[in-house]
1. Can you tell me which of A:144, A:171 is closer than 27 Å to residue A:77 by Cβ and modelled with pLDDT under 90?
2. In the set A:138, A:174, which member is more than 12 Å from chain B (Cβ to nearest Cβ) and either out of contact with any strand residue (DSSP E or B) (no Cβ under 6 Å at 6 or more places or on another chain) or closer than 21 Å to residue A:81 by Cβ (or both)?
3. Restricting to region A:83-110, what's the tally of residues that are at the interface with another protein chain (Cβ under 7 Å from one of its Cβ atoms) and under 15 Å from residue A:135 (Cα atoms)?
4. Which one of these does residue A:63 not meet: (1) closer than 23 Å to residue A:18 by Cβ; (2) facing chain B (nearest Cβ under 10 Å)?
5. Of all residues in region A:49-72, which are over 23 Å from residue A:151 (Cα atoms) and out of contact with any helix residue (DSSP H, G or I) (no Cβ under 8 Å at 6 or more places or on another chain)?
6. For region B:118-186, list the helices (runs of 4 or more DSSP H) that sit wholly inside it and hold at least 3 residues that are crowded, with 20+ Cβ neighbours inside 10 Å and under 14 Å from the mean Cα position of the chain (by Cα); which are they?
7. Taking the options B:46, B:70, B:53, B:82, name whichever one is out of contact with any strand residue (DSSP E or B) (no Cβ under 9 Å at 6 or more places or on another chain), farther than 28 Å from residue A:142 by Cβ and modelled with pLDDT of 90 or more.
8. Across region B:14-48, what is the total count of residues that are out of contact with any helix residue (DSSP H, G or I) (no Cβ under 8 Å at 6 or more places or on another chain) and within 24 Å of residue B:82 (Cβ to Cβ)?
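The values are calculated or read from the model by the stated rules, or taken from the named source; none is laboratory data. Computed from a predicted model, the values in this text were never measured in an experiment. Every residue, glycine as well, gets a Cβ built from its backbone with ideal geometry; the counts of neighbours run over all protein chains shown.
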């Protein structure tokens, strides 16, 4: 007899898994191949359910031609937005977010002031380019800064799922909400471990059925 | 017999009522006088309970000498922080906040770029001063941008209270959470209406006791 199946565990995926060259290579050389590589493995793991917020799926379509998306992806990777009108977040989350943003806004102003002071000494275009980079880093990195980011962490929260993303902002705020997370670089190994234990599980009962006599 | 007293209605106050010269004058010529003026009226209204977040009360102490604060203020104006670890906010609130901030951040960068381009043409100090003003307006006005602001709206939410503030950010986000609010310029009239109806109420029963015969 097979051991009783636990409730399926859930995984919420970011696009980075398929799009970001640094982490995608585990699955394929380009986004379309990475999707196929993922499907090949994911299809063998009945113990896991995979989700992607609809908004994140739309982002994926900027990298993959819609015609090239295998039908199986829609069956295995469920698209679902979080229930934004039912879900709630703890109030302390709001405090930490507002405090974080407030500091970043002050930092952004100091960056701008420095750029104005440099404008007369250096090439204007270079000053603006460097300011843009510093400003974006100061105001956007390590924070949830788009509704897609909010979708990711809230969907993971709603489903009590494992969040797979490289986004530092999403990871930081997922931690505040007690959401499990995994870096995509470890994700293939994570998936393969399920296939491995699945194999061991199907081997084990046959031993029970036909116990070898010592 | 007096009519049954309803549950006391609650009011959450911002410092602006006592500090902001434009709205304070209803109660007194300076913050200390405004506090005394408020107490004189508030003490006559048993139907209302008054609250101020502790953080906002601390702000008030920047304008009023602690020694000048009448003991009655501590009895009539309750200091209380919201229960930030029990309270929750709806998820859509988080979406709207993040979207709002994202647009403001982009606007801030455009303001900074414009300033860098003007730096060579105009006086550097003037450019920086004007940039600071525009930047702060773009990133801070009409948004909750401090933990004191969050305290205000969450305390009003927790107590199901009327929020009295001039802060546009607090008003805008209070509306999203279904919190009642009132501009301080109308607050004195609001209070006086309670005293007025209190008088009428105490006049009415005597009529019932001794109905005049037609």
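1. Values: A:171 fails: modelled with pLDDT under 90.
From the options A:144, A:171, the qualifying one is A:144.
2. On the way: A:138 fails: more than 12 Å from chain B (Cβ to nearest Cβ).
Answer to the check: A:174.
3. The initial filter retains those residues of region A:83-110 that are at the interface with another protein chain (Cβ under 7 Å from one of its Cβ atoms), namely A:84-85, A:87-92, A:94-95, A:98-99, A:101-102, A:105, A:108-109.
Restricting the remaining residues to those that are under 15 Å from residue A:135 (Cα atoms) gives A:101-102, A:105, A:108-109.
Result for region A:83-110: 5.
4. It is condition (2) that residue A:63 fails.
5. Matches in region A:49-72: A:67, A:71.
6. Details: elements: B:124-140, B:147-159, B:168-176.
Answer list for region B:118-186: B:147-159, B:168-176.
7. Numbers: B:70 fails: modelled with pLDDT of 90 or more; B:53 fails: out of contact with any strand residue (DSSP E or B) (no Cβ under 9 Å at 6 or more places or on another chain); B:82 fails: farther than 28 Å from residue A:142 by Cβ.
Going through B:46, B:70, B:53, B:82 in turn, just one is out of contact with any strand residue (DSSP E or B) (no Cβ under 9 Å at 6 or more places or on another chain), farther than 28 Å from residue A:142 by Cβ and modelled with pLDDT of 90 or more: B:46.
8. Counting residues in region B:14-48 that are out of contact with any helix residue (DSSP H, G or I) (no Cβ under 8 Å at 6 or more places or on another chain) and within 24 Å of residue B:82 (Cβ to Cβ) gives 0.
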